[in-house]
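Engineer: Could you have a look at this structure, given as structure tokens, before my questions?
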Amino acid sequence: MIVFIISISILVLDQLSKKLICLNFLPGQSRPIIENIFHLTLVYNKGIAFGLFLGTVLISVFISVVVIMLLIISVIKIKGSELILKIAFSLILGGAAGNLVDRIRFGYVIDFLDFRVWPVFNVADIAITIGAGLLIVYLFKMRNFKSRARSKSQ
């Protein structure tokens, strides 16, 4: 249950933040929060992952739907003791859903967080990135755990 609460919270936060930006900015408009370091900049991302693969809305919608379905199935099958894995998947699920809503509604993803040294991104992208990071940490811990278990049994 916590997984879906996290996912829905990410989706709602993502969509609300995008709505606020769209109400207060014109496309391409930028306002500095910390001059030359962090700006809010409204960008319509018509590609996948930082603007790559432009013009592939149907493909990106299809891929997003498949990923979301696989994440839901995976989350349901995860054991209760694997909390970090559930949180990782729920963050990725919420972020993927947030960006999917944009692609279906508009044909592009709304981005607005601009650190000037990285492509502009959004709350959904943050959730996906943190979830992927947690997944990597989990996989390394599992690898180390299995490696130690093998050493003890020899």
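The values are calculated or read from the model by the stated rules, or taken from the named source; none is laboratory data. Since the model is a prediction, treat every value here as computed from it, not as a measurement. Cβ coordinates were reconstructed from backbone atoms using ideal geometry, including for glycine residues, and neighbour counts include every protein chain displayed.
Engineer: Which of the numbered conditions does Ala127 fail, given that it passes all the others? Conditions: (1) small (Gly, Ala, Ser); (2) more than 22 Å from Asn24 (Cα to Cα); (3) more than 16 Å from the chain's Cα centre (by Cα).
Structural biologist: (3)
Engineer: Quick check: is even one residue across the stretch 88-101 modelled with pLDDT of 90 or more and either among the polar types (S, T, N, Q) or in contact with a strand residue (DSSP E or B) (Cβ under 6 Å, 6 or more places away or on another chain) (or both)? Write out each step before concluding.
Structural biologist: Step one: list which residues in the stretch 88-101 are modelled with pLDDT of 90 or more, which gives 88-101.
Restricting the remaining residues to those that are either among the polar types (S, T, N, Q) or in contact with a strand residue (DSSP E or B) (Cβ under 6 Å, 6 or more places away or on another chain) (or both) gives 90, 99.
Yes.
Engineer: Which one is surrounded by the most Cβ atoms within 10 Å (Cβ to Cβ) among residues in the stretch 1-42 that are over 19 Å from the mean Cα position of the chain (by Cα) and in a strand (DSSP E or B)?
Structural biologist: The extreme case among them is His39.
Engineer: Another question, then. Only residues that are acidic (Asp, Glu) and part of a helix (DSSP H, G or I): list them for the stretch 66-109, please. First the steps, then the outcome.
Structural biologist: Quick first cut of the stretch 66-109, residues acidic (Asp, Glu) only: 82, 102.
Listed by number, the list holds a single entry, Asp102.
Engineer: Kindly evaluate Leu91 against the criterion of being of a type in the set (A, V, I, L, M) and within 30 Å of Ile34 (Cα to Cα). If you could, list the steps in order and put the result at the bottom.
Structural biologist: On the way: of a type in the set (A, V, I, L, M): yes; within 30 Å of Ile34 (Cα to Cα): yes.
Spelling it out, Leu91 is indeed of a type in the set (A, V, I, L, M) and within 30 Å of Ile34 (Cα to Cα).
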